[in-house]
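The values are calculated or read from the model by the stated rules, or taken from the named source; none is laboratory data. Remember, predicted model here, so these are calculated numbers, not experimental data. Here Cβ is always computed from backbone atoms with ideal geometry, including for glycine, and neighbour counts include all displayed protein chains.
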Amino acid sequence: MSKTSDSYWFATRHPWSCILFVVPLLAAYEIGVRWLHQTAPEETRNGADVWLRETLAAVGISPMYGPAALLLGVLLIWLLCRWQDRPKDPAGVWAGMAGESATFAIVLLLVSQGMWYVLRTAEGVLCSHGPRPVGLSWPGAAASPEPALELIINFLGAGIYEETLFRLLFFSGLLAVFTLADFPAWWSFGLSAAASALVFAGAHHLGPHGEMFNGPAFAFRTIAGLYFAGVYRLRGFGIAVGAHALYDVLVGLLVGEL
């Protein structure tokens, strides 16, 4: 398949396309959070965003602007290195990325129907019980009393900042390390995807805002993390963000949260 700048397959993974696709979502999230909770915007933020802001605050970086500035800075540096071969049809690529995001979200939703049933059945066999996960969960979780718009804004944040932390930074960093260490390509991808998926799943159970650990939630998020690692690697950061956010919204619709 062609890897030139005229190839759609190439274009979706280019930093210019990712910026054009992700920045409107980032703007909607940051503006929405401040509009919904003008005095306490942190009440609307998702876990990954909160962790990132707390970490940046600990090293003296403004938690209000730091995460968005960090993401934009990484994307802009990446773009500067690839400016010469940027895609020629950004509007067409943007529309295609929106369609792919929807497709990947729906595929995960359909697959998760059977996957969640298997995990819950295994939990029953092993006599392990616990609350179902929030966000990356199969329909059936308890409905949230939060307004629909607030939930949508929160899901946008999950799609953006979880993909930034666990795929754009952690997965890509591990992949670079394994590649420099001369690991075979499939080993590099497999180890990086597995490690990032396990950290992604485990992070939901850490800290004062973390959920109580339970096996099905951890296993489901690990599988979802592997799925998003594949989407990120094959189709790019922008589509991974869109698919993640839209998946969460669809789950919210199906459980009656929105």
Check: Could we say that Gly242 is without any contact (Cβ under 8 Å) to a residue 60 or more places away in the chain, part of a helix (DSSP H, G or I) and either small (Gly, Ala, Ser) or surrounded by 21 or more Cβ atoms within 10 Å (Cβ to Cβ) (or both) here?
Finding: no
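To keep it simple, each residue is scored yes or no on (1) at pLDDT 95 or above; (2) more than 22 Å from Phe104 (Cβ to Cβ).
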| residue | (1), (2) |
| --- | --- |
| Ala181 | no, yes |
| Ala193 | yes, no |
| Phe200 | no, no |
| His205 | no, yes |
Next item on the list: Only residues that are modelled with pLDDT under 85 and at positive phi: list them for the range 207-258, please.
Entry: Gly207, Gly256
Item checked: The one condition in (1) modelled with pLDDT of 90 or more; (2) closer than 18 Å to Ile160 by Cβ that Ile106 fails to fulfil -> (2)
Item checked: Residue list for the range 11-36, restricted to those being touching a Ser or Thr at 6+ places or on another chain (Cβ under 8 Å) and modelled with pLDDT under 90 -> Gly32, Val33, Leu36
Check: When the range 128-179 is examined, which residues are found to be of a type in the set (Asp, Glu) and modelled with pLDDT under 55?
Finding: Glu146
